[in-house]
Amino acid sequence: MIEHNETNYIIWQNRAFRFYLGARLLSFNEQHSPAAFCSTQALESLMKGTLVYWDRSFNPEEAGHKMTGMIKTIKNKVKDAHSFQCPEYFYLNKRFQSVSRYPANGKGLGIPATLLNDLDLVFYNLVKLVPFQFNSELKRALSGKYKKNLNILRKNNLQIKNLRNILNVKLQKA
């Protein structure tokens with residue numbers, strides 16, 4: 001029987017996966033500001049999902065957009081996550097969260113060339129922290145069931161093999 005926290009985790013992971021694909025697609029199309037926003041949404045959603053899975057007292061609404069606090073909680077409450085890291089630029093001063101969407105006098109939006117590689121690595125590191133992975137959009141994409149999503153997911157993604165390994169997903173033959 002699937003537990004409530006497991007169901008909620010998959011809901012959060014699916015939401016995170018959609019923003020993750022959006023960030024990758026936008027980045028490939030040189031839409032850097034929306035890619036930055038979507039990357040933050042993907043990581044924030046997956047952090048919330050991870051905490052929903054591991055910490056039954058965690059309230060995603062109360063956590064808001066406080067990624068620094070979620071990272072600390074992940075390190076303290078999630079099994080084998082004491083060394084979890086997320087590059088600070090994803091959440092520093094909420095620039096990707098706000099400046100990517102709203103004009104701000106005197107504030108710029110520096111997007112490093114490593115954005116996608118960093119996003120891929122953090123996404124993978126979060127996924128591997130949760131042992132429950134059942135029928136998610138991520139697994140279906142990795143299997144090739146959704147070819148368009150798979151193509152977005154695997155383009156220049158150094159973590160694709162690692163994702164398949166930890167999720168035990170093989171590419172289906174056409």
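Bear in mind these aren't lab numbers, they're just calculated from the coordinates by the rules spelled out. What you see is a predicted model; the values in this text were computed from it and never measured. Because the Cβ atoms are built from the backbone with ideal geometry, glycine has one as well, and the counts that use them run over all protein chains shown.
Taking LYS107 as the anchor, which aspartates and glutamates have their alpha carbon closer than 17 Å to its alpha carbon, excluding any fewer than eight residues away along the same chain?
Qualifying aspartates and glutamates at Cα under 17 Å: GLU88.
Report the calculated FRET efficiency for ALA113 and ASN162 (r = Cβ-Cβ distance, R0 = 22 Å), to the nearest 0.05.
The formula returns an efficiency of 0.55 here.
Quick one, which of [x] 15.8, 53; [y] 15.0, 44; [z] 18.7, 66 is the actual Rg and Dmax of the Cα atoms in Å calculated for this model?
[x]
Between LYS66 and LYS147, what's the calculated FRET efficiency when r is the beta-carbon distance and R0 is 35 Å? Round to 0.05.
Between LYS66 and LYS147 the formula returns 0.40.
Filter the cross-link list LYS128/LYS155; LYS94/LYS145; LYS94/LYS147; LYS94/LYS148 down to pairs whose alpha-carbon distance in this structure exceeds 29 Å.
LYS94/LYS145; LYS94/LYS147; LYS94/LYS148
Can you grab the distance from the C-alpha centre of the stretch 22-36 to the C-alpha centre of the stretch 147-164, Å, no decimals?
If you average the Cα positions of each part, the centres end up 16 Å apart.
Calculate, for ASP80 and ALA104, the FRET efficiency according to 1/(1 + (r/R0)^6) with r their C-beta to C-beta distance and R0 41 Å; round to the nearest 0.05.
0.60
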